[in-house]
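Inspection log for the structure reproduced underneath, given as structure tokens.
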Amino acid sequence: MEFYKSTEAAIISLCFLFLVFLPMEKVFPAKLKQKIIRPSWLLDLCYFFGQYLLWGTLVLWAMNYFRFWLDDIIPTTFRTRVSNQPWWLQAIEVVLLSDFLIYWGHRLQHKVDFLWRFHKVHHSAEHLDWLAAHREHPLDTIYTVGLINLPAFLLGFPLETIAGLIAFRGIWAIYIHSNVRLPIGKLRILIGAPELHHWHHDLERDRGNYANISPIMDVLFGTYVCPDHEPEQFGIKEAFPKHYVGQMLHPMLPKVISNKLYRRKMKKSDE
Amino acid sequence: MSKTPSTTIKVITVSVFTLLIICFVSYRVGAFDNFSFSSKSITTYNSNTSDNQMAVDTPIVAKDSIIIDQEMMSSSKSMMIPKNFKRDTIKTIPAKDTTSKKPLKKSSTMSSSKSGIIFEPQPDKDTAKKPK
């Protein structure tokens, strides 16, 4: 029954996202030649359904565990002080701290090889659109979601009070992956834009634009890049499996084994 | 050769996009839901004040959620949203008894990884937690 409900929800979500982003990608395409049914769309569809039907529970469990573990170790006096502040101040603190943490956490994902092993699954997408936004290793998701939520967990801030903002940023995070180029002027600094995130997905691993949604942290820490054209190519330079199971397993295997397996697979396909 | 869409098409597309985003956000904050207050309230111990106060979180149940128990259409780059969101759900009332060990209802969560997370109370499966 649960599986049926999850499947239904996933299909409804897929249809809604299709409806929201497809017209934009058609009318304001960033890459003119990119088609809707582009290479690896089926792989990204697997990621989409994988996240809705399989990995959601895992992430959920991890977050729940993390949250209640933090509840036990955070002194109540600290939370008392925080909650004595006005609501709006707490909201700003949580959003800014969250953006700060995810910015540095994301930079680390690109810097530290161990984290990059998982994060490069997301960057392996060579064609960006709203569907490609869902390409993510579940352990990478746990890391990201954990960091983003850490300030709220620490401060005991009721996130439901900023549900609108969170919902907007959530769907906007999918939008910034879409194949859209629509300049929104200075609003870009506040809410981010696809043209910025596209550069983050450039072939160069350390290209920049690590901020979550708003590029303020990138501006502050000097990693903001925004050329007036699209990157020539998205993806990663490293050899990487092209199928779902391979991409799921690759980061978890020791480097020697995963490279060996991958080479053998490549050799077979060449033959 | 690809045709460039006319200004009218562009304006319509952006308008529809904006409208759908607004609809989505409104939906997520419960604007389209017929909320009803559950008779069971979640009792948590308030850490806000030192004068023996207790926070009562009254759950709101979204009836017609297209989300169907999952918070969808979001991203892992977004924070978690508890399902029962409403600004006034946490009310501070004077506590009658803060010495006894009342159970803190622990919410269960369901979600998809990319799409964020929801907290949903499950009274039967709650784990007791002691107030600090």
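For the reader, a short list of remarks on this structure follows.
- Scanning the range A:122-149 for residues that are touching a residue at least 60 places away in the same chain (Cβ under 8 Å), among the hydrophobic types (A, V, I, L, M, F, W, C) and within 12 Å of chain B (Cβ to nearest Cβ) returns A:130, A:131, A:132, A:139, A:142, A:145, A:148.
- Test for residue A:155: is it among the hydrophobic types (A, V, I, L, M, F, W, C), surrounded by fewer than 24 Cβ atoms within 10 Å (Cβ to Cβ) and touching a His at 6+ places or on another chain (Cβ under 9 Å): no
- Selection of the range A:105-137 for residues being acidic (Asp, Glu), under 30 Å from residue A:182 (Cα atoms) and surrounded by fewer than 20 Cβ atoms within 10 Å (Cβ to Cβ) yields only A:126.
- Output for the range B:1-22, where each listed residue is under 26 Å from residue A:167 (Cβ atoms) and either in contact (Cβ under 8 Å) with a residue 60 or more places away in the chain or among the hydrophobic types (A, V, I, L, M, F, W, C) (or both): B:11, B:12, B:14, B:16, B:17, B:19, B:20, B:21, B:22
- Pick from the range A:15-40, criterion aromatic (Phe, Trp, Tyr) and surrounded by fewer than 19 Cβ atoms within 10 Å (Cβ to Cβ), ranking: farthest from residue A:180 (Cα to Cα): A:16
Residues are listed down the side, and each one gets a yes or a no for (1) under 15 Å from the mean Cα position of the chain (by Cα); (2) surrounded by fewer than 21 Cβ atoms within 10 Å (Cβ to Cβ):
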residue: A:167; (1), (2): yes, no
residue: A:174; (1), (2): yes, no
residue: A:188; (1), (2): no, yes
residue: A:195; (1), (2): no, no
residue: A:205; (1), (2): no, yes
residue: A:215; (1), (2): yes, no
residue: A:219; (1), (2): no, yes
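- Given (1) facing another protein chain (nearest Cβ under 9 Å); (2) within 29 Å of residue A:244 (Cβ to Cβ); (3) hydroxyl-bearing (Ser, Thr, Tyr), index of the condition residue A:161 fails: (2)
- Considering the range A:21-136, the qualifying helices (runs of 4 or more DSSP H), each wholly inside and each with 1 or more residues that are over 21 Å from residue A:243 (Cβ atoms) and touching a helix residue (DSSP H, G or I) at 6+ places or on another chain (Cβ under 9 Å), run over A:56-73, A:76-83, A:87-111, A:113-123.
- If the condition is being facing another protein chain (nearest Cβ under 8 Å), modelled with pLDDT of 90 or more and more than 18 Å from residue B:25 (Cα to Cα), then the range A:1-23 contributes only A:23.
- Of the residues making up the range A:59-74, those that are within 7 Å of chain B (Cβ to nearest Cβ) and either touching a residue at least 60 places away in the same chain (Cβ under 8 Å) or acidic (Asp, Glu) (or both) number 2.
- Considering (1) surrounded by 17 or more Cβ atoms within 10 Å (Cβ to Cβ); (2) over 25 Å from residue A:213 (Cα atoms), the lone condition that residue A:72 does not fulfil carries the number (1).
The values are calculated or read from the model by the stated rules, or taken from the named source; none is laboratory data. On a predicted model such as this, the values are computed, not experimentally measured, just so you know. A quick note on method: Cβ atoms are made from the backbone with ideal geometry, for glycine too, and the neighbour counts reach across all protein chains shown.
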